[in-house]
Amino acid sequence: MTRRVALVTGGSRGIGAAIAVRLAAEGADVVITYVRSAERAAAVVKEIEAAGARGLAVAADSADAGALVAVVERTVAEFGRIDIVVSSAGIAPFGPLEEVTLAEVDNTLAIHARASFVLAQAAARHMGPGGRIICVGSSFVERVPYPGWTLYAMSKSALIGLTKGLARDLGPRGITANLVHPGSTDTEMNPADSPEAAEERRYTALDRYCSPDDIAATVAHLAGEGGRNITGAAITVDAGTTA
Ligand SMILES: NC(=O)c1ccc[n+]([C@@H]2O[C@H](COP(=O)([O-])OP(=O)(O)OC[C@H]3O[C@@H](n4cnc5c(N)ncnc54)[C@H](OP(=O)(O)O)[C@@H]3O)[C@@H](O)[C@H]2O)c1
């Protein structure tokens, strides 16, 4: 991926941070976004630089479409190009259906679905052949194993249509679009040592959580030369939860 430039949203922690560092290890320069964790985003930039790549952290709320377009434009202005975009920024709204507010619905759809659309649209304006658009979904689009996750599952399901549509819109230009669905993955969103984790682990076929690096490895494959003929696809990395 030498001389390629990647933009990863939600790169300050968890899965997004692992993806950013992995793409850097494979030679890409990487811009990450965050919304609150400035210090941790700076630490991820240090890791990107330690891998020999150029890094930049930009505060950009994925709920703010204008901020996302601005970060794409800044990436192109400062790094000269954009080849890979990964929408990983996410939240985990959870609770009784009757308590979900319209504001939560709008915010979740904005961060998960609208942001992925806006980012893809803005980046595609600058991408050449070999461009890669990758979204981080969830195994909950295939199976919702517990109550309380309707909004989250709905917001991630939109990424299936987005990915397939993008594959058709951008395929003629040699740009691929794909979706990676993590299952239970050990991050602050879903720690492997939480009280609920034992039950989540029990639902897997392999009796284990995924690590952020597991998800990053699949994203790196899709982003690299090995992914050149994969487009419109969804790959589930969930230790067999949906098997
Ligand atoms: N962990 C799991 O079990 C699991 C399973 C399936 C899917 N996923 C998906 O994987 C993705 C990453 O999750 P994770 O587990 O790594 O979560 P995490 O540890 O909570 O990290 C979330 C990341 O997203 C960023 N973020 C949150 N809201 C944002 C916003 N409005 N604008 C920009 N950035 C924002 C955070 O930035 P700050 O640090 O600044 O807050 C942080 O970098 C999410 O899309 C999630 O839905 C996770």
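Structural remarks
- When Ser116, Ser139 are screened for being free of Cβ contacts under 8 Å to residues at least 60 places away in the same chain and surrounded by 23 or more Cβ atoms within 10 Å (Cβ to Cβ), only Ser116 passes.
- Of all residues in region 69-106 being in contact with a Pro (Cβ under 8 Å, 6 or more places away or on another chain) and in a helix (DSSP H, G or I), the one that is farthest from Val144 (Cα to Cα): Glu104
- Region 162-195, subset within 13 Å of the ligand (Cβ to nearest atom) and in contact with a Leu (Cβ under 8 Å, 6 or more places away or on another chain), residue nearest to Asp213 (Cα to Cα): Val180
- Given (1) free of Cβ contacts under 8 Å to residues at least 40 places away in the same chain; (2) under 25 Å from Arg4 (Cβ atoms), number of the condition Thr163 does not satisfy: (1)
- Restricting region 1-58 to residues that are more than 16 Å from the chain's Cα centre (by Cα) and of a type in the set (Ser, Thr, Tyr), the residue that is farthest from the ligand (Cβ to nearest atom): Thr2
- Filtered residues of region 23-68 (kept if buried (at least 24 other Cβ atoms within 10 Å of the Cβ) and part of a helix (DSSP H, G or I)): Leu23, Ala24, Ala41, Val44, Ile48, Leu68
- Residues in region 196-241 that are over 15 Å from the mean Cα position of the chain (by Cα), part of a helix (DSSP H, G or I) and either within 12 Å of the ligand (Cβ to nearest atom) or touching a residue at least 12 places away in the same chain (Cβ under 8 Å) (or both): Ala197, Glu200, Arg201, Gly227.
- Search result, residues across region 29-44 that are among the basic types (Lys, Arg) and farther than 8 Å from Ala59 by Cα: Arg40
- Residue within region 166-175 that is closer than 19 Å to Ala6 by Cα, assigned to a loop (DSSP other than H, G, I, E, B), of a type in the set (Lys, Arg) and more than 16 Å from the chain's Cα centre (by Cα) present: no
- Unmet requirement for Asp64, which otherwise passes all of (1) more than 10 Å from the ligand (Cβ to nearest atom); (2) without any contact (Cβ under 8 Å) to a residue 24 or more places away in the chain: (1)
- Test for Ala115: is it modelled with pLDDT of 95 or more and within 15 Å of the ligand (Cβ to nearest atom): yes
- Flag for Asn190 being within 20 Å of the chain's Cα centre (by Cα), within 21 Å of Pro147 (Cβ to Cβ) and not in a helix (DSSP H, G or I): yes
The values are calculated or read from the model by the stated rules, or taken from the named source; none is laboratory data. Just so it is clear, the model here is predicted, and its values are computed rather than measured. Ideal geometry is used to build each Cβ from the backbone, glycine not excepted, and the neighbour counts take in all protein chains shown.
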